[in-house]
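The values are calculated or read from the model by the stated rules, or taken from the named source; none is laboratory data. From a predicted model like this one, the values you see are computed outputs, not experimental measurements. Here the Cβ positions follow ideal geometry from the backbone for every residue, glycine too, while neighbour counts run over all protein chains shown.
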């Protein structure tokens with residue numbers, strides 16, 4: 001007797017890998033690659049029974065993380081001072097466990113840059129949602145930090161959409177770099 | 001002043017700034033690699049246009065499906081400039097479209113309405 005037909009969306013997407021995996025990319029990121037994998041993430045999420053609101057938050061978190069890799073990963077194929085058409089290495093993963101989505105990114109960073117990131121990230125772990133929204137409003141109205149290629153709003157945007165406090169870590173990596181990981185929950 | 005038009009790409013919106021007709025439109029996606037570079041030109045042209053008008057009505061329609069954090073910052077600057085034109089006696093009408101499921105885009109529109117009260121703000125929820 002055949003086992004009952006499995007619901008289409010329960011079929012593992014990536015044979016041999018964790019069945020909760022929705023999307024995974026590791027390698028070099030450029031804006032063109034983000035455009036292409038962003039389309040794949042959107043379509044993949046449309047196949048899950050996820051509200052439009054959650055899908056939009058997941059997509060936004062994914063784009064912020066992927067663009068951070070393009071701008072800030074220390075593993076760069078393009079010259080470090082090149083400001084456009086950059087290509088840098090990292091990974092982004094989206095998994096779906098018990099109705100919750102986890103979006104995790106990783107990329108190597110210079111140890112001195114790691115020290116700059118910690119004071120930006122740590123407060124976001126302890127702030128209430130109201131405080132995060134307040135900080136977001138203030139940063140939106142503040143002059144742009146000269147060192148920031150984005151708007152400095154990226155981490156706040158991720159934290160604002162995350163239903164649990166963001167998690168982050170720094171681990172020693174090759175070439176005296178630190179491997180930066182960041183996790184959001186939606 | 002001439003019309004300023006950019007066709008949409010996968011990560012940048014259609015920009016149809018018809019200055020002679022006083023009608024400005026942003027439509028599509030907005031997550032360019034550098035929002036400062038993409039919006040810099042738009043801001044400069046809009047600012048130059050606003051310098052030439054007095055007591056006129058300008059209609060701006062924003063129909064963005066998604067915009068990233070750095071685009072958010074640039075949009076805020078654009079509306080800051082439009083608000084100034086409104087304070088100087090022009091009528092600026094903003095039609096702010098957002099997907100009915102997208103509270104982030106609606107909330108940002110409400111932030112704009114709060115910060116830039118001289119702009120006449122209309123929110124439009126779109127069924128996806």
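Observations, loosely collected:
- Whichever residue in segment A:47-70 is more than 18 Å from residue A:93 (Cα to Cα) and in a helix (DSSP H, G or I) and, among such residues, is farthest from the other protein chains (Cβ to nearest Cβ): A:53
- Residue in segment A:35-43 that is in contact with a strand residue (DSSP E or B) (Cβ under 6 Å, 6 or more places away or on another chain) and within 11 Å of another protein chain (Cβ to nearest Cβ) present: no
- Residue within segment B:81-93 that is on the phi < 0 side of the Ramachandran plot, away from every other protein chain (no Cβ under 14 Å) and without any contact (Cβ under 8 Å) to a residue 12 or more places away in the chain present: no
- Where a residue in segment A:83-98 is within 11 Å of chain B (Cβ to nearest Cβ) and its partner, wherever it lies, is part of a strand (DSSP E or B), with Cβ under 6 Å and at least six apart: A:87/A:28
- Among the numbered conditions (1) within 14 Å of another protein chain (Cβ to nearest Cβ); (2) over 13 Å from the mean Cα position of the chain (by Cα); (3) touching a residue at least 24 places away in the same chain (Cβ under 8 Å), the only one that residue B:114 does not meet is (3).
- Restricting attention to segment B:32-54, the residues being within 14 Å of chain A (Cβ to nearest Cβ) and surrounded by 20 or more Cβ atoms within 10 Å (Cβ to Cβ) number 5.
- Residue list for segment A:15-46, filter: part of a loop (DSSP other than H, G, I, E, B) and more than 17 Å from residue A:103 (Cα to Cα): A:15, A:16, A:30
- Check on residue A:177, surrounded by 12 or more Cβ atoms within 10 Å (Cβ to Cβ), more than 14 Å from chain B (Cβ to nearest Cβ) and at pLDDT below 95: yes
- Of residues in segment B:55-77 being surrounded by fewer than 20 Cβ atoms within 10 Å (Cβ to Cβ) and within 11 Å of the chain's Cα centre (by Cα), the one nearest to the other protein chains (Cβ to nearest Cβ): B:76
- Being assigned to a helix (DSSP H, G or I) and more than 17 Å from the chain's Cα centre (by Cα) is a description that does not apply to residue A:118.
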